[in-house]
Structures are given as structure tokens and as C-alpha cells.
Amino acid sequence: MSQDDLKRMAAEAALEYVKSGIVGVGTGSTVNHFIDLLAGIKHKIDGAVSSSEVSSERMKSHGIPVLDLNASGELDLYVDGADESNSHLQLIKGGGGALTREKIVAGASRKFVCIADGSKLVDLLGEFPLPVEVIPMARSHVARQLVKLGGTPVWREDFVTDNGNVILDVHNLRIMEPAKLEQKINNIAGAVSVRR
Ligand code: 5RP
């Protein structure tokens, strides 16, 4: 079975959580399967709040109404993928660069269903470079602070987030305490968000 088949199976499993109302939708190739499947039951829902322009476009192409989070109120359900997960379901996200909006929609949702195939499960987070969204003028400053935290930040060149910012992918981290590292990175002036 291919990894794409596994991604589709993970997406299928999330469909049973969709009952009614407005669904929060993440970003990525696993979520793309979820969106395609959601199209088959779109009559059950009022619409979706999207975490990225690319997911919005895909949903619109299926005729799924895309709604503004400011008008939707709290959501029952958010469905999204992950780049890495440990057994405590602490995640690295942002491989697709949508981490800030993903974090916002997840935070506005009562339940987060993470759809990930087995290849994403690790003992220790950090093999996948940790994406950090950064205000462009702060790129070098934030990079220096990330080096002090033990990482090797690499600017994702030729990529701009939906919020007009840049991404630093932080290599060589062995993340023993994900919550503490998240807090430290979020406290760096100019770092918009890191998704843990
Ligand atoms: C995008 C994300 C994705 O959820 C993550 O990159 C997983 O992607 P895929 O399903 O393509 O493996 O965080 O910002």
C-alpha cells in the first residue's frame, strides 16, 4: 500500500466525526484527501473554515462554502494533518507553511482530529525541521535566537505565507520538552508562531 493510500485511509477515518455545522479544515496532502471526501457529504454541513488559501480553493472547487472564522463562532471540529507526532500527540506542523492559521482554527475548535499515517509517529520530535513563521524584517534576529536554542534555522526561500511572512525551518533539534520550546520560540520578538 502506498503512503498516499495510507493518507487517504486516515482522511476517511476522520469523516465519521463530521456530523453537522461548520468544520475547521487544515492544510496538506492528507487534508486534500479529507476535502475530497468531505465533498461527498457536504449536504450535512453548513460549510468550512479554512486554514489556508490552497485549502479554500480546493473546497470551493467542490462547492463547499468557505466561511470566515470571525463569523463562524467556536467550531465543534478541526481536522488537520501533521509532520511529526509523538505518543503524547504533541505535533510538529507547518511543513506546508500554514501553521499560524492552522493554530488559530485549531484553537477556535472544541475537538482536533489529527489525520496522519504511521510514518509521522516518532519517539522524539525534531527529525522533521521545525517550521517557524517569522515577520520578514525579523528573519535574521529570530534566526540568531533559534541558534541559541540549539537549532540550525534555514530560510525557506521563495516561500511567502498566506499572512505575508517567511518561514524558518529549524534543523538539528532534539525536542525533549515540546511545550517549553514552543513557549520560548513564541516569546522571540518577530516570531509569529511555531506549531507544536
Ligand atoms: C501544513 C501542515 C500539514 O498538516 C503537514 O505538513 C502534513 O502534511 P501532509 O499531510 O502533506 O503530510 O502542517 O502546514
In a Gaussian network model of the chain with springs linking alpha carbons closer than 10 Å, the residue among 14, 39, 179 that fluctuates most is 179
In the chain the accessible area split gives carbon plus sulfur, as whole percent at 1.4 Å, a share of 51
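Over the chain, give the accessible area per residue in Å² for a 1.4 Å probe, as an integer. Present the calculation step by step, with values, prior to reporting the outcome.
Details: 9700 Å² over 196 residues.
Per-residue value: 50 Å².
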Nearest 10, in degrees from 0 to 90: the angle of helix 29-38 to the longest Cα principal axis of the chain is 20
Distance in nm between residue 119 and residue 43 label points, each 7 Å along Cα→Cβ, equals 3.6
In nm, the gap between the two label points placed 7 Å beyond Cα toward Cβ at residue 9 and residue 140 is 5.0
hull vol. (C-alpha, convex hull) per residue for the chain, Å³ -> 120
For residue 7, the aspartates and glutamates lying under 13 Å Cα to Cα, once residues fewer than eight places off in the same chain are dropped, come out as 36, 80, 83, 117
With 0.36 nm assigned to each residue of separation and the Cα-Cα distance removed, residue 89 to residue 163 gains 24.0 nm
Listed by chain and number, the residues whose amide H is under 5 Å from that of residue 109, excluding neighbours fewer than 5 places away on the same chain and using placed H, are 75
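The values are calculated or read from the model by the stated rules, or taken from the named source; none is laboratory data. Worth saying up front: this structure is predicted, and the values here are computed from it rather than measured. Because the Cβ atoms are built from the backbone with ideal geometry, glycine has one as well, and the counts that use them run over all protein chains shown. In case anyone asks, the SASA skips ligands and DNA or RNA and just uses the protein heavy atoms, side chains included. Shrake-Rupley method; radii C 1.70, N 1.55, O 1.52, S 1.80 Å.
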